[in-house]
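J.: Okay, handing you the structure first.
The values are calculated or read from the model by the stated rules, or taken from the named source; none is laboratory data. Note that the structure is predicted; figures quoted are calculated from it, not measured. Heads up, the Cβs are rebuilt from the backbone with ideal geometry, glycines too, and the neighbour counts pull from every protein chain shown. The accessibility values were calculated without ligands, DNA or RNA, using every heavy atom of the protein model including side chains. Shrake-Rupley method; radii C 1.70, N 1.55, O 1.52, S 1.80 Å.
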Amino acid sequence: QVRLVESGGGLVQAGGSLRLSCAASGRTFSSYAWGWFRQAPGKERQFVATINWSGGSTDYADSVKGRFTISRDNAKNTVYLQMNSLKPEDTAVYYCAARPAGYTSTYEETYAYWGQGTQVTVSS
């Protein structure tokens with residue numbers, strides 16, 4: 001079965017860093033594009049970052065640009081989100097997602113596979 005498992009979330013103080021991981025199993029995702037999305041309490045899920053099949057193209061939400069970095073390791077079937085200079089407004093449940101089309105996408109409806117989500121809480 002296809003499965004995406006996220007890890008790395010937790011509680012961190014403002015200004016700190018976290019590294020999220022999302023490991024896929026059940027099939028090879030080396031030709032897929034990856035995305036990260038987040039959902040804060042009472043708000044709709046929003047786009048965070050995306051990376052194409054080769055890792056050569058990325059895109060970020062303006063709110064995280066310069067602070068977050070998305071990367072992938074196709075040999076490990078894993079995507080990462082390095083989060084630096086965290087702010088309280090980054091507090092949310094973070095989801096990884098994958099889609100068979102290999103190019104980047106900011107639209108959540110284009111992603112076919114989703115992880116369970118991991119909580120990130122940033123205290124002030």
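J.: Running a GNM on the chain with Cα contacts under 10 Å, which residue among Ser71, Ser57, Ser105 ends up with the highest mean-square fluctuation?
T.: In the Gaussian network model the winner is Ser57.
J.: Find, among the trypsin sites (Lys or Arg not before Pro) in region 60-124, those assigned to loop by DSSP (not H, G, I, E, B) with at most 12 other beta-carbon atoms within 10 angstrom.
T.: On the way: sites: Lys65, Arg67, Arg72, Lys76; in loops: Lys65, Arg67, Lys76.
Those that pass, being in a loop and sparsely packed, are Lys65, Lys76.
J.: Using all Cα-Cα distances in region 45-87, what percent lands in each 5 angstrom bin from 0 up to the longest?
T.: Each 5 Å bin holds this share of Cα pairs: 5, 22, 30, 23, 13, 6, 0.
J.: Ignoring ligands, DNA and RNA, how do Arg27, Arg3, Arg99 rank by accessible area with a 1.4 Å probe, largest first?
T.: Details: Arg27 100, Arg3 150, Arg99 15 Å².
Accessible-area ranking of Arg27, Arg3, Arg99, largest first: Arg3, Arg27, Arg99.
J.: Give me the number: length gained by fully extending Leu11 to Ser63, i.e. 0.36 nm times residue separation minus the C-alpha to C-alpha distance, one decimal in nm. All intermediate terms of the calculation are to be shown ahead of the outcome.
T.: Values: separation 52, 0.36 × 52 = 18.72 nm, distance 1.99 nm.
Value of the extension gain: 16.7 nm.
J.: In a Gaussian network model over the chain where Cα atoms closer than 10 Å are linked, find which of Gly16, Gly42, Gly66 has the largest mean-square fluctuation.
T.: The residue that fluctuates most here is Gly42.
J.: So, one more: Assuming 0.36 nm per residue, please report the length gained on full extension of the stretch Glu89 to Ser31 beyond their Cα-Cα distance. Write down the numbers at each step before the final one.
T.: Numbers: separation 58, 0.36 × 58 = 20.88 nm, distance 3.28 nm.
In short, 17.6 nm is gained.
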